[in-house]
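Quick notes on the structure that follows.
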Amino acid sequence: MYPSEILHWIDDGEAASSGGATFEKRSPIDDRVVARVTRGAAADVARAIDVATRAAETWARLPAPRRGDVLGRAAALLRAKEQELGEIVQVETGKPWKNAVAEVASSADLGAFMDSEGSRFYGKTMTSPVPNRSVRTVRAPIGVCAAIMPFNSPLAGIAWKVFPALLCGNAVVAKSHELTPYTAVAFGKLLRDAGLPRGVYSAVQGLGPEVGTALVRDERVGLVSFTGSVPTGKLIQKTVSERAVLAKVCLELGGRNPLIVCDDADLTLAAEHAVASAFIDAGQRCAAGSRLIVFDRVYDAFREAMLTRAAAVKVGSGPQDECGPVISRQSLERLLAAVDGAVQRGARLLAGGRAVDALAPGYYMAPTVLEHVSPDDELSQQELFGPVTCLYRVKGFTDAIELANGTAFGLTGAIHTSNSHRVEEFIARYRAGLVSINGPTYGAGPHMPFGGVKNSGNGFREPGTEALDVYCEWKTVVVNHDPARV
Ligand code: NAD
């Protein structure tokens, strides 16, 4: 059941904001107000950090395999409560049911993966040229971590950050996205039921410039782990750099991901993957395929196959649907205006470009395909985060790679070809954190490092074992065990 009043989760209990202010949470499915959310202030953030600071030390001293046990129990609870948590994700995002429950399952998988990492919390031993000296590295917790979330996959987003952070022995203060506020509280209750000690995890509600800024500025926070847009990521980096004491900053940002279709590709398969890449989660994925780069020789045939498949995409939030609503009315209006603007500048609309009237007042946008968009146009260069994709015609491979690399982003990308040399060249020459061969532009799993280059991130990878390097510090230990004889 989705609650009508949503509060902070601090010190293992729900608490209203000190200021008493609230804001509305509306359903993307039908524009209904589903809850009033407490609007946090700096004092609420300070309280959550006080609690986390007190809880962190005891949690850090628990052996890593025992911390892993808590995560394992949380993973089991996620599986047992799939229906309940899927409903929360669906109310908040409006995503089709199968995608909402898939998010619960992938969050549970990550919990199980991180549980097992508790038994492999290894460092290195190193040789020393000095007698009676041993040298090794150990993983050390950071202390209090801030986890700042986007709205698109609220449960998976929290799981990606909180499970590895806890495994590494940190306390976490999460900032819910204001458009998906309850998931982080439900996650807190689940962690409590799994046996996480009191105060190790908190979640605060509110707006970015209010609670987000307070969290980032607090010098007791040793790591800010942020997933969201490029402008907010850059602002957070700047805010942290202005603190008297720096913090580690992990930025997982946006994408403008290309899918290249070569003249030797299986066009039916490529069209299937292009449509899934563009329209799953209504294109509100950092890994969405928003630029379809197609060789001249197969352009017309691919366009036809792709438009036929796009026309069959079922828009709605039901069990059989594929493309849900976008997150807010404001987002829908922004997307429609962006498409209109591109058309006025010379783009040709091949499909969509309008709201789905039959599903109003829900925020549904018809899957939208454009062509004749200049590579320099703002529509090609900026992340849209909606069900909008563009077709680009290129002469051949070199032009395709140049176009693929021609934005400030570098998150993911795909190529469809049966030529192994083109595959290897794409892997070598396309600059991104993830490349996919004959598949969609997305793809992530608990064991896979994910992250971007250029404006898509600042070099960290989550999850996989690489996530442990985000949420730990490496400490080098030098022991002179018989100093008198050195
Ligand atoms: P956003 O940047 O608007 O907001 C993200 C979070 O930052 C929200 O919780 C918001 O309240 C908070 N925030 C805003 N201003 C802040 C400030 N001054 N200080 C601290 N926090 C602040 O992003 P969004 O629209 O919610 O999310 C969509 C973006 O997330 C897209 O760009 C998408 O590509 C990206 N994303 C990236 C990944 C990845 O792994 N690379 C995954 C999912 C989403």
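Laboratory data are not the source of any read-out in this text; all were calculated from the coordinates shown. What you are looking at is a predicted structure, and each value in this text was computed from that prediction instead of being measured. A quick note on method: Cβ atoms are made from the backbone with ideal geometry, for glycine too, and the neighbour counts reach across all protein chains shown.
Select from the stretch 391-431 those trypsin sites (Lys or Arg not before Pro) which occupy a DSSP coil region and have at most 11 other Cβ atoms within 10 Å, ordered by residue number.
Lys395
I need the semi-axes of the equivalent ellipsoid of the stretch 384-485: take the C-alpha gyration tensor, multiply each eigenvalue by 5, square-root it, list largest first in whole angstrom.
Semi-axes, largest first: 39, 16, 13 Å.
Would you kindly calculate the translational diffusion coefficient of the stretch 136-236, applying Stokes-Einstein with the Kirkwood radius from alpha carbon pairs, for 10 °C and a viscosity of 1.306 mPa s, and quote it in µm² s⁻¹ without decimals?
Calculated translational D: 115 µm²/s.
Work out, in µm²/s and without decimals, the Stokes-Einstein translational diffusion coefficient of the chain at 20 °C, 1.002 mPa s, Rh from Kirkwood over C-alpha pairs.
92 µm²/s
Using 0.36 nm per residue, how much length does the chain from Ser229 to Val130 gain when fully extended, once their Cα-Cα distance is taken away?
30.7 nm
Once the Cα atoms of the stretch 1-150 are picked out, what are the Rg and Dmax in Å?
In order Rg, Dmax, the Cα atoms of the stretch 1-150 give 20.6, 72 Å.
State, as an integer percentage, the relative contact order of the chain based on alpha-carbon contacts under 8 Å between residues 6 or more apart.
Relative contact order, the chain: 18 percent.
Quick check: the distance between the Cα centres of the stretch 437-484 and the stretch 254-320, to the nearest angstrom?
Here the two parts' Cα centres lie 31 Å apart.
Give Lys161/Lys395; Lys161/Lys454; Lys95/Lys475; Lys25/Lys161 a once-over and call out the pairs whose C-alpha atoms are over 31 Å from each other.
Checking Cα-Cα distances, Lys161/Lys395; Lys95/Lys475 exceed 31 Å.
Under a plain spin-label model, where a point goes 7 Å from the Cα along Cα-to-Cβ, how far apart in nm are Val245 and Thr213?
Distance between the two pseudo-spin positions: 2.3 nm.
Would you mind estimating how fast the stretch 7-57 diffuses translationally, via Stokes-Einstein at 20 °C and 1.002 mPa s with the Kirkwood radius over Cα pairs, in µm²/s?
174 µm²/s
Trypsin sites (Lys or Arg not before Pro) within the stretch 447-486: which are DSSP loop residues with at most 12 other Cβ atoms inside 10 Å?
Passing sites in the stretch 447-486 do not exist.
Between the alpha-carbon centers of the stretch 34-76 and the stretch 128-169, tell me the distance in whole angstrom.
Here the two parts' Cα centres lie 14 Å apart.
Using a 10 Å cut-off on Cβ atoms, rank the peptides 141-153, 287-299 from the highest mean neighbour count down.
My ranking of the peptides, most packed first, is 141-153, 287-299.
For the ranges 236-249, 433-446, 15-28, what's the packing order if you count other beta-carbon atoms within 10 Å of each residue, average per peptide, and put the highest first?
Highest-to-lowest ranking by the protection proxy: 433-446, 15-28, 236-249.
Report the per residue volume, in Å³, of the convex hull enclosing the C-alpha atoms of the stretch 270-369.
Taking only Cα atoms, the stretch 270-369 has a hull volume of 105 Å³ per residue.
Dipole of the chain (Lys/Arg Cβ +1, Asp/Glu Cβ -1, origin at the Cα centre): which of Ser229, Pro375, Ala55 lies farthest to the positive side?
Projecting each Cα onto the dipole axis, the largest value belongs to Ala55.
Please list log₁₀ I(q)/I(0) at q = 0.22, 0.24, 0.26 Å⁻¹ for the stretch 36-87, using the Debye equation with identical point scatterers on the alpha-carbon positions.
For the stretch 36-87, the Cα-only Debye profile gives -0.88, -0.86, -0.88.
For n ≥ 4 DSSP H runs only, could you compute -39500 (n - 2.57) per run for the chain, divide by its residues and tell me the 222 nm figure to the nearest 500?
The helix contribution divided over the chain gives -12000 deg cm²/dmol.
Can you compute the charge dipole magnitude of the chain about its Cα centre, using +1 on each Lys and Arg Cβ and -1 on each Asp and Glu Cβ, nothing else charged? Give it in debye, rounded to the nearest 20.
Dipole size: approximately 1320 debye.
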